[in-house]
Amino acid sequence: MAILEVRNIEKHFGPTRVLEDISFSLEKGQTLAIIGSSGSGKTTLLRCLNFLEKPDRGTIAVNGSVIFDADDRNTQREREVRKKRLHFGMVFQSFNLFPQYTALKNVTLAKELLSQERPDFKQNKKAILEEIQAEGRALLAKMGLSNRESHYPSQLSGGQQQRVAIARALALSPDILCFDEPTSALDPELTGEVLRVIRELADQKTTMIIVTHEMAFARDVADEVIFMDGGVIVEQGAAEQVIEHPREERTRQFLSRYAGS
């Protein structure tokens, strides 16, 4: 059974239709790359999955349970939406770290806040917070940042900040990890260190959706690729097929512009 099923998603901003009849599924442990020109709807699709935008039509199901149905208001209550966001860990283009907190605090903050809802929090506060901090340190170590846990974002390179952002997204153990062009804000020399982390996560069978312009990376790492243009899915299939042997003319034209990436 698919871990994620997206069916007939549409999104409008005023009279502009940004997404039209978007449908796809994702198996546990797979990596899906979404490619396309700027303005094709890729980021809006990720924001709909994470409920930062509300789709105007369609359904989203995780692990066989419908968590959003545009025709069912019960799936759109704010308290429920906040819980459903936990299915998706989001890594943005521009890091979005809290500048006033250390790397470790950025990683642990969300889980610390959620832990306060536990019925045993007051009784076991110290042990719970120590456990969360230990998990945060382990995630920073996984990102190669053990010696940066006390540093503030301003003291970190762009690549290090993005690796902290990845650790933060992993901290809540999401079903699916989503990346929105995670290297677009990085200098070329820092891009490689972030892509290496994502490649390692793919090797570990972390379920991921990656919006990217890194075509060679998408070909080598993704199990499936979706090419979007004008708010629709033009082509989808195995990474090698879509990138090396595209069937659609619009896909070929797009890829010809990124032949050197």
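The values are calculated or read from the model by the stated rules, or taken from the named source; none is laboratory data. The structure displayed is predicted, hence computed values, not measured ones. Backbone-built Cβ (ideal geometry, glycine too); neighbour counts: all protein chains shown. When the accessible area is computed, the model is the full protein with side chains, heavy atoms only, and any ligands, DNA or RNA have been set aside. Shrake-Rupley method; radii C 1.70, N 1.55, O 1.52, S 1.80 Å.
Every condition in (1) in contact with a strand residue (DSSP E or B) (Cβ under 6 Å, 6 or more places away or on another chain); (2) surrounded by fewer than 16 Cβ atoms within 10 Å (Cβ to Cβ); (3) among the basic types (Lys, Arg) holds for residue 126 except the one numbered (1).
Total residues in the stretch 133-166 satisfying the condition of being surrounded by 19 or more Cβ atoms within 10 Å (Cβ to Cβ), of a type in the set (A, V, I, L, M, F, W, C) and part of a helix (DSSP H, G or I): the figure is 5. Within the stretch 99-123, the set of residues being open to solvent by 90 Å² or more (accessible area, probe 1.4 Å) and either basic (Lys, Arg) or not in a helix (DSSP H, G or I) (or both) comprises 99, 100, 116, 117, 118, 119, 122. With respect to the conditions (1) over 27 Å from residue 109 (Cα atoms); (2) of a type in the set (D, E, K, R); (3) buried (at least 16 other Cβ atoms within 10 Å of the Cβ), residue 84 lacks only one, and its number is (1). Within the stretch 184-197, residues that are under 11 Å from residue 214 (Cα atoms) sit with their Cβ atoms under 7 Å from residues that are of a type in the set (Asp, Glu), at 6+ positions apart or across chains, in these pairs: 195/214.
Would you confirm whether any residue within the stretch 53-62 is open to solvent by less than 70 Å² (accessible area, probe 1.4 Å) and charged (D, E, K, R)? Yes, because at least one residue in the stretch 53-62 is open to solvent by less than 70 Å² (accessible area, probe 1.4 Å) and charged (D, E, K, R). Scanning the stretch 97-148 for residues that are touching a residue at least 12 places away in the same chain (Cβ under 8 Å) and of a type in the set (Gly, Ala, Ser) yields a total of 5.
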